[in-house]
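Structure, as structure tokens:
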Amino acid sequence: MAIKQLIILIFFIELALIISVNANEVNGWFGEENSGGGIAIADINKNGIPDLVVLNIDHPEGGNIGYYRVGFDLKPNNDASQWSSPMKIGGLVEGNGIIDQGWFGESTAAADIAIADLNNNGMPDLIIFHIDNPEGQDTGYYRVGWDLKPNGEASYWDVHLSDPIKVPGWFGKETQGGGIAVADLNNNGKPDLIVFNIQHLPWKDENYGNYRIGWDLNSKGEAQWDPYLVNSNGVPKGVGSWFGSDNQGGDIAVTDLNQAKLYVNSVVRTIDCIDHNVNARLALEVMLIDFPKMNITS
């Protein structure tokens, strides 16, 4: 197995904070109450210009529903040239002719998306991740929308639409953030799925970050989960450093250290919210992981 050095960028927000910023607007409907979201970038329409895919989990009565939309052809100022309408995560399930909108539970603690060509046919596939927050233990799940068309629609869904693939291991009882990334970590030509979550431990009033890896995603979206990153109690590998005590979200990204020529460091910016007398902390943790030895430095 070839050793490949990567950096994993972990983002989290410690406290909710509303401030005025010059942000690009995502057009369209987002419902009245959301329970998570994520973004990914890929060239969906194959014209050489990156497109932005945006996920949101709507929280109506009777069960949560996932939607995504595509901002096509990002401009240098980051505006999208055109937005699709929100598309419900669901549709015709291949092989049984049933229309299914996909299960997301009634209380979603976190959600994210990633894009990769899992079945190696040259068309992007949409990986949709969420952490369910029922009574008791939280659980992570994902499913795949296969072969995105140029307009962003999935060509088909499989049986995991209503019965999503469970991510093994412990997620705690109070998730305060989570995300996924896809990369070929062991350089064998097969994509691997990195799952990140922030758990809150109320008896300590502290938060902790964890990650686990599903190796070699196949054409069904299934992975082999690394036993070295989950202990005998199912607890995944911890991410070092401080995560505060009240997070409002978190996410993860992966890139090649040697190609990107980035420095391994930690950047923390503190924002004071004078009106509410609250100090909010926005932090970016950059972690170096040397595969396959799994040695972590920060």
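The values are calculated or read from the model by the stated rules, or taken from the named source; none is laboratory data. The model shown is predicted, which means the values in this text are computed figures rather than measured ones. A quick note on method: Cβ atoms are made from the backbone with ideal geometry, for glycine too, and the neighbour counts reach across all protein chains shown. Each accessible area value is taken on the protein alone, full model and side chains, heavy atoms only, with ligands, DNA and RNA left out. Shrake-Rupley method; radii C 1.70, N 1.55, O 1.52, S 1.80 Å.
Some observations on this one:
- For the stretch 136-187, a residue qualifies if it is among the polar types (S, T, N, Q) and more than 21 Å from Ala109 (Cα to Cα), and the qualifying residues are Asn151, Ser155, Asn186, Asn187.
- Listed by position, the strands (runs of 3 or more DSSP E) inside the stretch 29-94 whose residues that are hydrophobic (A, V, I, L, M, F, W, C) number at least 3 are 34-42, 51-58, 65-74.
- Criterion: under 21 Å from the mean Cα position of the chain (by Cα), within 26 Å of Gly177 (Cβ to Cβ), of a type outside the set (S, T, N, Q) and crowded, with 22+ Cβ neighbours inside 10 Å - qualifying residue of Ile113, Ile65, Ile39, Ile44: Ile113
- Segments classed as strands (runs of 3 or more DSSP E), wholly inside the stretch 131-184, with at least 2 members that are buried (at least 18 other Cβ atoms within 10 Å of the Cβ) and at pLDDT below 90: 175-183
- Among the residues listed as Leu217, Leu193, the single one being assigned to a loop (DSSP other than H, G, I, E, B) and either closer than 20 Å to Ala110 by Cβ or in contact (Cβ under 8 Å) with a residue 40 or more places away in the chain (or both): Leu217
- Across the stretch 190-204, the number of residues qualifying as open to solvent by 70 Å² or more (accessible area, probe 1.4 Å) and either closer than 15 Å to Tyr142 by Cα or at pLDDT 80 or above (or both) comes to 1.
- Apart from one condition, Pro60 fits all of (1) more than 17 Å from Ala116 (Cα to Cα); (2) modelled with pLDDT of 95 or more; (3) surrounded by fewer than 15 Cβ atoms within 10 Å (Cβ to Cβ); the exception is (2).
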